[in-house]
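Scroll down for the structure; my scribbles are underneath it.
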Amino acid sequence: MTRRILKVYPLTLLFLSVCSSAQHGKPDAKPANPPTVNRNLVIQGLPVGSGYEQFRPLISAYLKEIEASGDYQNWKVAPASAYER
Amino acid sequence: MTIDSLLARRCFLPLLAVVTMFVANTLHAQGTTGTGSAPSSDTAGTVSGATGGAAPGGVFIRTRAPSLATARNVHFDAATNSIRSDQWTFPLQVSIAEVKEIFDLAAKQDFLAVDITTRSDAQLFGLSRDGKVAKQMLVTDLLLGDIAKGYGYFAPLYKTAGDFKPQRYNLLSRQQFAVIFVFTSAAWRIDGSRLLSEPAKLEVLSVPTLAQRDGTRRFDLDAMKREVRDDSITENARHIMENEAYYRQERAVRDMQAYADIAQLARELLKQNADFAGLFVGQ
């Protein structure tokens, strides 16, 4: 019995060590992509997102204005910063 | 050609798929459930008449004169950012530049409208392209139109009322639609010395349209007579109208009511032969 334990113990340690180092070396999980508008939105083959993008300067200026004044209660996040992403 | 021969030629199934898609598109465009965005003949007629048959799939501000008692000594008071007369004070919610632009246009026409065309340009119906008024109207159209047609361009960032998930409009439907957001004032009252408007209920109209070669749209009068509707837009429009208080919190949308009020006041003062040119002297 003792002999068997002595045989298995190093192997167990080796296995645990390998697992631990593998876990340690694993890069941090990527943070979820912060939200922005659906810039590349395509509906039924039509590039709807790019249609909106034609008005980008207009939308951007508006969002900057409401974000600067804190007047954006209907938005999930500070909209200008999110829009610029 | 018989069914058997069609099957034999192995073209039956693709043909059936095409026919099914056509019928589905047609039925989708002619859905009759819901009444939320039924074209109001009164409003649609007004829009059509004002725009020469062009269908502004955007924001339309009606400027019926409010019929106030005759105002004397009308002037702009920069200190309080208001228009004042001997009888009342009208506090302005927007900049003097926007007020002046609206007064200028109100002297020429009784509506303000913008329309984003199918080619991502815009018809402005007399508004200056560089002016703040057209810009705010376009932003309102982009935001509310995104919800009304269920595209979802702003969806990752914008909170709809009650976390509503708009239904997506079928872009490939045989019948195309424009959505018109109509702002106007229902009545006016003087509270103390303050002149206040009572906003009319926001109208969200779904209007069948015919696309033109230049990217603009015109009313499809035949489809309107048949009361052709789009189920998705009908549902989304109903949501917006039922939650208009929520959407009026958005600054651009809020400004639409301010514009409607100012335009109507301008029309009233015009009716009373007030001196527009002298109103903003030095501003």
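A compact table of results
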| quantity | calculated |
| --- | --- |
| For B:MET137, B:MET224, order by how many other beta-carbon atoms lie within 10 Å, fewest first | B:MET224, B:MET137 |
| Relative frequency of Cα-Cα separations exceeding 22 Å in segment B:36-279, percent | 53 percent |
| Sequence of B:LEU127, B:LEU92, B:LEU138, B:LEU112 once ranked by neighbouring C-beta atoms within 10 Å, starting from the fewest | B:LEU92, B:LEU127, B:LEU138, B:LEU112 |
| Sequence of B:ASP261, B:ASP220 once ranked by neighbouring C-beta atoms within 10 Å, starting from the fewest | B:ASP220, B:ASP261 |
| Among the listed pairs A:LYS76/B:LYS132; A:LYS76/B:LYS100; B:LYS201/B:LYS271; B:LYS100/B:LYS159, those beyond 31 Å (Cα-Cα) | A:LYS76/B:LYS100; B:LYS100/B:LYS159 |
| Karplus 3J(HN,Hα) series, Hz, for segment A:33-50 with 6.51 cos²θ - 1.76 cosθ + 1.60 (x for Gly, Pro) | 4, x, x, 9, 6, 7, 4, 9, 4, 10, 10, 6, x, 9, x, 5, x, 5 |
| Net lengthening on full extension, B:LYS201/B:LYS159 (0.36 nm per residue, minus Cα-Cα) | 12.9 nm |
| Around B:TRP88: net Lys/Arg minus Asp/Glu count, Cβ-Cβ under 11 Å | +2 |
| Separation between Cα centres of segment A:51-81 and segment B:208-271, rounded to whole Å | 22 Å |
| Order by protection proxy (mean Cβ within 10 Å, highest first), peptides B:67-80, B:204-217, A:47-60 | B:204-217, A:47-60, B:67-80 |
| Within segment B:36-279: Cβ-based charge dipole about Cα centre, in debye rounded to nearest 20 (Lys, Arg +1; Asp, Glu -1) | 220 debye |
| ³J(HN,Hα) computed for each position of segment B:229-244 - Karplus, 6.51 cos²θ - 1.76 cosθ + 1.60, integer Hz, glycine/proline x | 9, 10, 4, 5, 5, 4, 5, 5, 5, 4, 4, 4, 5, 6, 10, 4 |
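Values quoted throughout were computed directly from the atomic coordinates according to the rules given, and no laboratory measurement underlies them. In this text, all values refer to a predicted model and were calculated from it rather than measured experimentally. Counting neighbours? That spans all protein chains shown, and the Cβs are built from the backbone with ideal geometry, glycine included.
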